[in-house]
Amino acid sequence: MLGNLLRPDIEKMIRDKDWKHLRQEFAQLDPSDLAEILEEFPLQDAALVFRILPRDAAAVIFEYLPLELQTKLVQSLADEQLVNVVNAMAPDDRTRLLEELPPEVTKRVLGSLTPSELKIARQLLGYPEDSAGRYMTPEYVAVRPDMTAAEALAYIRKHGKGAETLNVIYVTDEKGRLLSDLRLAALVMAQPTTKIEDLSDGQMFNIPATADREEFVAAFEKYDRVALPVTDSKGVMLGIITIDDVLDVAEAEATEDIQKLGGMQALEAPYMDSPFVDMIKKRAGWLLVLFFGEMFTATAMAFFEGEIKRAVVLALFIPLIISSGGNSGSQATSLIIRSLAVRELELSDWVRVMRREILSGIVLGSILGIVGFLRIVLWPSRVAVYGPHFVQVAVVVSISLVGVVMFGTLVGSMLPFLLRRLGLDPAAASAPFVATLVDVSGLVIYFTAASIVLRGLL
C-alpha cells in the first residue's frame, strides 16, 4: 500500500519538525492516501498533521478517516482547528460524527459551527436515527423549469461550488417541490434557448426523509443512480443522498447481518473499539439461548437410552448425523437470508422455496447417505467395529442422513420467512440457532430409524 511506503519519510519529517517539506509531501498525495497514512499514526502525530494542513485540505482528509479516529481527533484538536475542519465537512458526514461523539464534545462541536452550518446540523439531527434524513446533504443544485439551458448553466456556475455532486441537477417549482431531475450532460448539450421543462423527461425518483437505510439502499439498487433526492411528505426537496454514503451504509448493513448470522447481536463499533463488557453482553445472550436449546439434545438421548444400551455402536454416528443436519441447515438459512436481503425472494415465494429445499435436502441427503453406507460396509474391520449386523447399521445411517439433511434444509429455509413475516430481522435466524433445532430433531430421526430397522436384531 502507498501509505506503508511513505509512512517512514513522513514520520521522520514530523520528528525533525520539517514542516515545509511535510506540507510539500502532503500536497502531492491524494486525500484518501493521506488518510490511510494517518490511520497508522499515534493520535498526537495525527493531530499535529491537522494543525499544519491547509483548512480545505484538512476537511477533505478528515472525511476519509474512520469514524472512531474522527471522534478522537475532534477531542484533541484546539478550537481553531476544530472550527476549520468541522465547518468545512459535508453536512451528512458531520451528522454521523455528531451522533458518535460524547455529549460534552458534541456541544463543543455545535458551538464551533457557523450559524448557517449549525442550522443544517440541527435539522439533520432532528430526523430518526438511521433514516434518510440523517444521511442526506442539503448541498445540491436545483433549477426552475422555466429557465433556459443558458440561464441554468449560469446559475450552476454561480451556486454549484459547494454542491455534493453536479452530475445530476434537480428541477423544483417556486415552493421547492421536486418535479424531476436532469443529467448535467443533457443540459450542456442542449441549445442555449431550450427550456428546462422541455429537457427533463418527467421521471421522478425520490426517497422520503423518514425512510430507513435498508429502504434507500434498495432504492439505489433499483434505480441505478449516483444520487437520489430526499423529500418531505409534501414533496418538498430537502437534500440528496449520494452513492458514497450508500456504500458506507451497505457495508454497515452487511457487517450487522454477518455478525447476527454468527449467533450474536451486532456490535455498535469496530471489534477493537468495542468495550469488553459490551462484547460479552452481546455474545452471552445468544450463547445462553443456544445452550438451553442444546439441553433438549440430552433429553432426546435420555429418551432413547434403551436403544443406546442395546446397540452401543449407534453412539459412534451421533456426531456425524447431527453435524450433517446442522451444516445443511446453515447452508439453507444463509442462502435464504441473503436472497431476502437483496430482494431476490419475497414472502410470497415461501411455497416455491419449500418445495425446492425439500427436493434439495433429499438429493443432498442421498449423496451423504450413499457415502456413509459405503464407508461402513466396505470398511476392512467392519464386523469387529460395527458388529455382525453392519449392513443394517449402514442402512440406519443412510436413512437418517437423508431425513436429517432434508429436515435441516427445510428448517433453515423456512425460519427466515417466518421471522420476516413476524416483522423480525431474518438475520436473527442465525446458523447456530438452526443447528440447535436440527440437533434435537436429528437425534429423534436417527434413533427412530434405528428402532425400526434394528428391531429384533440387537
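No value in this document is a laboratory result; all are computed from the given coordinates. Every value quoted in this text rests on a predicted model; they were computed, and no experiment measured them. Here the Cβ is made from the backbone with ideal geometry for all residues, glycine too, and neighbour counts use every protein chain on show.
For the pair D425 and E174, label points projected 7 Å from Cα toward Cβ lie 4.8 nm apart. Take every pair of alpha-carbon atoms less than 8 Å apart whose residues are at least six positions apart; their mean separation over the length of segment 120-164 yields a relative contact order of 36 percent.
The gain in end-to-end length when the E251 to T299 segment is fully stretched comes to 13.1 nm, 0.36 nm per residue minus the alpha carbon separation. Taking label positions 7 Å along the Cα-Cβ direction at both R157 and K12, the computed distance is 4.8 nm, reported to one decimal. Using a cutoff of 8 angstrom between alpha carbon atoms and counting only pairs six or more residues apart, the relative contact order for segment 104-256 works out to 24 percent. Between segment 338-414 and segment 169-186, how many Å separate their Cα centres? Result: 57 Å between the Cα centres. The H on the amide N of I207, modeled in the peptide plane, is under 5 Å from the matching H of V230, T231, each at least 5 residues off or on a different chain.
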